[in-house]
1. State which residue pairs qualify: first residue buried (at least 22 other Cβ atoms within 10 Å of the Cβ) and inside segment 80-91, second residue hydroxyl-bearing (Ser, Thr, Tyr) and at pLDDT 75 or above in any location, beta carbons under 6 Å apart, and separation of 6 or more residues or different chains.
2. Could you list all residues from segment 166-181 that are within 18 Å of LEU306 (Cβ to Cβ) and out of contact with any Pro (no Cβ under 8 Å at 6 or more places or on another chain)?
3. If PRO206 satisfies all but one of (1) under 13 Å from TYR260 (Cβ atoms); (2) surrounded by fewer than 21 Cβ atoms within 10 Å (Cβ to Cβ), what's the number of the condition it fails?
4. When segment 295-312 is examined, which residues are found to be closer than 20 Å to THR112 by Cβ and either assigned to a strand (DSSP E or B) or of a type outside the set (Gly, Ala, Ser) (or both)?
5. Got at least one residue in segment 239-255 being within 29 Å of the chain's Cα centre (by Cα), under 30 Å from PRO166 (Cα atoms) and surrounded by fewer than 18 Cβ atoms within 10 Å (Cβ to Cβ)?
6. Restricting attention to segment 143-165, and to residues there that are farther than 30 Å from THR259 by Cα and in contact with a Pro (Cβ under 6 Å, 6 or more places away or on another chain), which single residue is most open to solvent (accessible area, probe 1.4 Å)?
7. Among the residues of segment 177-196 satisfying the criterion of being touching a helix residue (DSSP H, G or I) at 6+ places or on another chain (Cβ under 8 Å) and not in a helix (DSSP H, G or I), which is surrounded by the fewest Cβ atoms within 10 Å (Cβ to Cβ)?
Amino acid sequence: MVQIPKTPAPPSPAPSRSVPTSADVARLAGVSRATVSYVLNNTSAVRISEPTRRRVREAARELGYVPHAAARSLRAGHSRMVLIPAPTFPVGPLYSRFLTDLQASLAALDYTVVQHGTGGPHGDEAARAWAELRPVAVLVPGSGPGPRGVAVLKRSGARAVVTLGPETIEGAHALLMDHDVVGHSAGAHLYDRGRRRIGVVVPQEPGLEAFSAPRLDGVRQSVRGTDATVTELPLAYDEQAAARLAARWRILGLDAVFTYNDEYAMLLMRALLDEGIRIPEETAVIGADDLMLGRLLRPRLSTVRLRLPSGRELAELVDRAVRRPATEPEAHKVLGATVLHRESS
């Protein structure tokens, strides 16, 4: 009988290193576990000296210890997660800076910011998906859930729902950002500069309708009752579309254009100049957002500078609502606009 040698068993894996605990941090820092909790959870109700705080944080870094979010939520009775659904519209540099500022301000108040993807359901159904994550607050840019969706979020434990858009929603705090003020500022500027045949670029990119429609309406409001005319100019964001529009410019007979924003202004200005149309002599051009590239153009681009709320102000609103969830929802008009006149208009 042939003896088949046995294959040696693989060596047992080395035991994994134990997960560091707050007790380990307390021993290394020479403090109590309660002090560790106070320091790492940024508790302001207990006074702890700065040297002690530094010692605790250094010990936590050395051990690789981080607080357990679920345990902290259990103690507090709610999570510290603030959910921000990803915008469904193309985001420019201005809005990106605003979001970065907001996230940093919320982090300074000991909130964890989670950005939720845009794929899947929308409206009230999206609110149900967000509710599954049990956030303590939800900040909704643009159009979002209705009153039912807000109620679902609150029943799931959200203490604050804040919308950033043109309208209030029952049960939610609202930062009202009505973009007609942007168009109104641009239209009034062009009219005051003697322009009477004003074109308004309306982007064809999906998701921008919530901003482009009120901006167009704002231009119309600014010249209502005057001898000026307003012409809507649908435009895709590509060079060929801009070239086709520029080729028809003299037929359109326009002496000014508000281009929705600075990016569309740059696109159209290049096409108009290629067509031999002088700016501002034949056509004045004004954009919006005050991007640095607009100042580098020749002629330098006139623009509407938007004033958004600071991230700190919005973070403080969220924090107030989380700490006092029974208070009535607040509504604030937060979008301001100032024209910066330069060479293009």
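The values are calculated or read from the model by the stated rules, or taken from the named source; none is laboratory data. Computed from a predicted model, the values in this text were never measured in an experiment. Positions of Cβ are backbone-derived with ideal geometry, glycine not excepted, and every protein chain shown enters the neighbour counts. What goes into the accessible areas is simple: the full protein's heavy atoms, side chains included, and nothing from ligands, DNA or RNA. Shrake-Rupley method; radii C 1.70, N 1.55, O 1.52, S 1.80 Å.
1. Going by the 6 Å Cβ cut-off, the qualifying pairs are VAL82/TYR111.
2. VAL181
3. Just one mismatch for PRO206, condition (1).
4. Of segment 295-312, the ones closer than 20 Å to THR112 by Cβ are 311-312.
Result: ARG312, single match.
5. Here is the first cut: in segment 239-255, the residues within 29 Å of the chain's Cα centre (by Cα) are 239, 241-242.
Adding the requirement that they be under 30 Å from PRO166 (Cα atoms) leaves 241-242.
Filter once more, so that each one left must be surrounded by fewer than 18 Cβ atoms within 10 Å (Cβ to Cβ): 241.
Within segment 239-255 (the criterion being within 29 Å of the chain's Cα centre (by Cα), under 30 Å from PRO166 (Cα atoms) and surrounded by fewer than 18 Cβ atoms within 10 Å (Cβ to Cβ)), the answer is yes, since at least one residue qualifies.
6. So, considering only residues that are farther than 30 Å from THR259 by Cα and in contact with a Pro (Cβ under 6 Å, 6 or more places away or on another chain), the one most open to solvent (accessible area, probe 1.4 Å) is ARG159.
7. ASP178
Residue-by-condition table, conditions (1) closer than 27 Å to PRO214 by Cα; (2) modelled with pLDDT of 90 or more:
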position: ALA284; (1), (2): yes, yes
position: LEU301; (1), (2): yes, yes
position: PRO309; (1), (2): yes, no
position: PRO325; (1), (2): no, no
